[in-house]
Number of protein chains: 2
Amino acid sequence: MPLSTIAFDADDTLWENEQIFHLTEQRFRELIASHTKIEDLGQSLLETERKNLRYYGYGIKGFTLSMIETAIEVTGGTIPARDIQEIIQAGREMRDHPASPFPHVERVLKSLTGDYRLLVITKGDLFDQERKIAQSRLGGYFDDVEIVSEKTAATYRRIFDQYGDGPGRSLMVGNSLKSDILPALEAGAYGVHIPHALTWAMEQAEEPLDHEKFHQLQSIQDLPDLIVALSS
Amino acid sequence: MPLSTIAFDADDTLWENEQIFHLTEQRFRELIASHTKIEDLGQSLLETERKNLRYYGYGIKGFTLSMIETAIEVTGGTIPARDIQEIIQAGREMRDHPASPFPHVERVLKSLTGDYRLLVITKGDLFDQERKIAQSRLGGYFDDVEIVSEKTAATYRRIFDQYGDGPGRSLMVGNSLKSDILPALEAGAYGVHIPHALTWAMEQAEEPLDHEKFHQLQSIQDLPDLIVALSS
């Protein structure tokens, strides 16, 4: 059965995202450094984020709240309120950062549209993700955009059944092995991993190198050729 | 054309919500009162929320960030970090509040299921809303749950076209005239307003009393009779 549906992760697959979190975290560390002796602030922040995942899910607002909480904790409550206001401001500026598509993305989407049903499957905050899709000006290429709170095999099965012709005729493209590739393979779809320079610690996983439906590309510009090869 | 699709707002229509925000705001005001001479803290918070809407959208996380920002502002930056930690904690406890369906809700859904396509159309934070739908144990009654960032006439048109037989055969039930009723009427659907004791200042609007598809009920238990009357 030939491929009919190609789904894309959004953050760090279609446009830069992790780098913006990374830069904000740097700003956070510089702000806090003078108030604490704790050196590994990144590790403290990651632990707070992990603990808060069940309260906040993914996205800028939860990240901002976790930065504030970490700042209070690592300074033993001595951080001045003005610095907390600075953290809130840093969080808001993340939202002002434009979602600019990576090189080749628009050309690849243009070449696939018409021949395949194109979807976005992205995890995170509804409000953040809708803004980024609008800003990217890529929305028109997609038949549907699914913003979900978690990416499990069941998530992919449901979406590929509802918007495509089932997982067997579907392909998922993304930068996160843990969220984009492994659960899509488990659902029975193809999984095409395009690594990104920065991957959040919580998104790391082993490469399923021996899975017959797993593929890895250095750049999204190689995707159309791979799809042709898989379809022939 | 008879009705085929009945859509429900969630917060303050299927279960209590505004009261939890209200109680948290009270706790916030008590916490801040000793650090400021500003008396109308509720008004200050509302102004911050309004200003932040374009950054945060709706939901608990944005509300928590707005409380922190207001606390810093109204105390001229003198609020201790420990009190900010208390605000973060109050925000998290909102999330632990169970979404218990209002009286009659489950019985009404049970009586309609099978005869009508039932939808939830709710605005807000994806993460919050999915949790509440799961907690409420009402999820199984609905053919689809749409969590959207804004409720406009276009939103209702798209959903009633995609999941129903168009707005003309659809009915929207909700407590907010501004978000549930006026845009649904504008889309061409019926709008059934069930007022709730507390309505957030940003959700208030005039009643469209002379619109032929506008109806008002004191309780959701009267909905099945209204639907029968409209269908005959």
With a ≥ b ≥ c taken as the square roots of the eigenvalues of the C-alpha gyration tensor of chain B, please select rounded if a/c is under 1.5 and otherwise prolate if a/b is larger than b/c or oblate if it is not?
-> prolate
With a point put 7 Å past each Cα toward its Cβ, work out how far A:R50 is from A:D165 in nm, to one decimal.
-> 4.4
Dipole magnitude of the range A:145-232 about its Cα centre, charges +1 at Lys/Arg Cβ and -1 at Asp/Glu Cβ only, in debye to the nearest 20?
-> 200
Starting from the Cα of A:Q26, step 7 Å along the direction of its Cβ; do the same at A:D40; then give the gap between the two resulting points in nm.
-> 2.2
Whole-number Å³ per residue for the convex hull built on Cα positions in the range B:156-232 | 95
Cβ-placed point charges (K, R +1; D, E -1), dipole of the range A:1-70 about Cα centre in debye, nearest 20 = 300
Averaging sequence separations of C-alpha pairs under 8 Å and six or more residues apart, then dividing by the length of chain A, give the relative contact order as a whole percent.
-> 26
Computed over the protein assembly as shown, Cα set: Rg, Dmax in Å | 23.7, 74
Give the long-range amide H neighbours of A:A7: residues separated by 5 or more places, or on another chain, with amide H under 5 Å away, using H modelled in the peptide plane at 1.01 Å from N.
-> A:L119, A:L171, A:M172, A:V173
Find how many whole Å separate the alpha carbon centroid of the range A:31-101 from the alpha carbon centroid of the range A:137-174.
-> 32
For the range B:28-165: relative contact order, % (alpha-carbon pairs under 8 angstrom, 6 or more apart) = 22
By its C-alpha gyration tensor, with a ≥ b ≥ c as the square roots of the eigenvalues, how is the range B:73-115 shaped: rounded for a/c under 1.5, else prolate for a/b larger than b/c, else oblate?
-> prolate
Within the range B:86-170, report the trypsin sites (Lys or Arg not before Pro) that DSSP leaves as loop and that have at most 12 other Cβ atoms within 10 Å.
-> B:R137
Computed label-point distance, nm, for sites A:D115 and B:L217 using a 7 Å Cα→Cβ extension = 5.2
Relative to the longest principal axis of the C-alpha atoms of chain B, give the angle of the C-alpha long axis of helix B:18-33, reported between 0 and 90° and rounded to the nearest 10°.
-> 10
Helix A:153-163: inclination vs chain A longest Cα principal axis, degrees, rounded to 10, gives 50
With the label set 7 Å along Cα→Cβ, A:P208 is separated from its counterparts in the other copies, in nm and shortest first, by 4.9
Cross-link list A:K51/A:K110; A:K51/A:K132; B:K37/B:K123: which exceed 32 angstrom alpha carbon to alpha carbon?
-> A:K51/A:K110; B:K37/B:K123
Antiparallel DSSP beta bridges within chain B, percent to nearest 5 | 5
Dipole in debye (nearest 20) - chain B, about Cα centre, beta carbon charges: Lys, Arg +1; Asp, Glu -1 = 460
Starting at 0 and stepping by 10 Å, how many percent of the alpha carbon pairs of the range A:18-96 end up in each bin?
-> 20, 58, 22, 0
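Each value in this text was obtained by applying a stated rule to the coordinates, not by laboratory testing. What you see is a predicted model; the values in this text were computed from it and never measured. Using ideal geometry, Cβ is built from the backbone for each residue, glycine included, and neighbour counts are taken over all protein chains shown.
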